[in-house]
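Let me begin by presenting the structure, written as structure tokens, before commenting on it.
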Amino acid sequence: MKPQCTPTGILRFVCATVIVGLAATGCSTYENTEATPPDASISSTPSHSPSQQQPEPTQQQSEPGTQPVGEFSTGNYESDNWPDFGDAKGVYPVAMRSAVHDGFERIVIEHAGTGTPSMLARYTDEPMAPGSGADLGIDQDAVLEVVWSGTSSIDDMDVDQLMQVNDPITDLNTTAAQSVVVFPPFEATSSYFIGLDEQRPYAVKILQDPVRLVVDIQTD
């Protein structure tokens, strides 16, 4: 983690027609699976056609295990190449899950696509929808914002795989992390907001196979 000045101008307007089309799909399904991966216990799956299958990863999925993915801090985090696009291609969110571990909680947002976007993470006092400035509907006392630069364009997304976006997801089994709002990529930038009971030290990391945003929230 390293303190950095907050860049400006990285949150842009999400096309209204896409938002309306996505909102019409309704809430995503949340279900406890019998065999969850080590970093997950509650999952969000796409709310579209059940026959649509996500492609299998080409190699064994890497898992962060039950240790934090990095050093906990309340300060801003920027990847070394922020806000460059990095080497990501066709990256957009397809599923989310949460878990409770000893001393921390974990939010994982899984993506289609490949590569590693650049990343900014910070606490914000004014959480707003990218571009429009609309209220996010997050009622918690603290909001952690994560922004990826170098994600998919709207034209490259498969809406049948896209997870629930724009509205708060509150059906979590965590206590510190109480809501999550995910926005679809627009002009290769993606935004994620996590509502917390208070500002807590956190750690963030991007994992591969498949591409995942992992956010660990310290509880002890």
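Where a number appears in this text, it was derived from the coordinates with a stated rule and is not lab data. The structure displayed is predicted, hence computed values, not measured ones. Here Cβ is always computed from backbone atoms with ideal geometry, including for glycine, and neighbour counts include all displayed protein chains.
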If residue 193 satisfies all but one of (1) assigned to a strand (DSSP E or B); (2) farther than 26 Å from residue 134 by Cα, what's the number of the condition it fails?
(2)
Reported set for the stretch 184-218 where residues are crowded, with 22+ Cβ neighbours inside 10 Å and touching a helix residue (DSSP H, G or I) at 6+ places or on another chain (Cβ under 9 Å) is 184, 185
Exactly one condition in (1) touching a residue at least 60 places away in the same chain (Cβ under 8 Å); (2) in contact with a Gly (Cβ under 6 Å, 6 or more places away or on another chain) is false for residue 168; which is it?
(1)
Please work out which residue is nearest to the chain's Cα centre (by Cα), limiting yourself to the stretch 74-94 and to residues that are in a strand (DSSP E or B) and of a type in the set (A, V, I, L, M).
94
Can residue 105 be described as within 16 Å of residue 165 (Cβ to Cβ), charged (D, E, K, R) and part of a strand (DSSP E or B)?
no
